[in-house]
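For reference, the structure is listed below as structure tokens.
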Amino acid sequence: MIPNPIRGITNAICGILVLVAIGLAFLLGGGGFNLAIFFFVMAFVVIVGSLGTLRPRAIYGSLYGAMWMIMLALFFLTGSWLWFLVGIILSIVLSALMKPLLGALLGMGLFAMLSGSQQPQQPYQPYQQPYQQPYQPPYQQYQQGYQPPQQASTYQEGGQQYQYPAPQQPYYEQPQTHYPQEMPPQQ
């Protein structure tokens, strides 16, 4: 498996962002831990982490995680359980848009650019023998009838030349067809 050079960078960025999220949650928490700030930053961390995989399905899956982190942040910010209902509706919408979103992610030049250091895989192509014309005897006109191919009348064996015996043409009696002379009466 080819190592992904971007993965290490995104892992480092995610680690730093998690520490920033914890720090901001304590600093802006007013003496406590502010979960809303923590979950907002964690939503961003989830997306950045998935970008490092260079896999569109992983990025698509991170949209679910990020969306639910935002729903948790909004819940802790407002205290309303309705944000979970909004999260369920958004999950259904994300599921319905899976194919267009994956198509958009695959169509982005970002993946070609980021994975440019990796060698592109060639699709499997089974071995095919080169095309060879089947043997066709030389063309003989129909009016000539069948004529066997011409053979050399001599052959060489042991340094001496010999003649083939003359082929004897067997006599075949041609079948005769008898046609009626008069038409049969029609009824």
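Key figures for this structure:
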quantity: Qualifying positions in the stretch 50-87 - polar (S, T, N, Q) and under 37 Å from the mean Cα position of the chain (by Cα); calculated: S50, T53, S62
quantity: Those helices (runs of 4 or more DSSP H) lying entirely in the stretch 1-104 with at least 1 residues at pLDDT below 85 and not basic (K, R); calculated: 5-27, 35-51, 56-78
quantity: Inter-residue pairs, beta-carbon under 8 Å, first over 11 Å from Y60 (Cα atoms) and surrounded by 10 or more Cβ atoms within 10 Å (Cβ to Cβ) and in the stretch 96-125, second among the β-branched types (V, I, T) and at pLDDT 55 or above, 6+ apart; calculated: L114/I6; Q118/I2
quantity: Sole exception among (1) free of Cβ contacts under 8 Å to residues at least 40 places away in the same chain; (2) more than 24 Å from G107 (Cβ to Cβ); (3) not aromatic (F, W, Y) for A58, by number; calculated: (2)
quantity: Breaking point among (1) out of contact with any helix residue (DSSP H, G or I) (no Cβ under 6 Å at 6 or more places or on another chain); (2) among the hydrophobic types (A, V, I, L, M, F, W, C); (3) surrounded by 14 or more Cβ atoms within 10 Å (Cβ to Cβ); (4) more than 22 Å from A104 (Cβ to Cβ), for A36; calculated: (1)
quantity: Residue ID - farthest from G87 (Cα to Cα), chosen from residues in the stretch 1-33 that are of a type in the set (G, A, S) and surrounded by fewer than 18 Cβ atoms within 10 Å (Cβ to Cβ); calculated: G8
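The values are calculated or read from the model by the stated rules, or taken from the named source; none is laboratory data. Not measured: the values here are computed from a predicted model. Note that each Cβ is placed from the backbone with ideal geometry, even for glycine, and that neighbours are counted across all protein chains shown.
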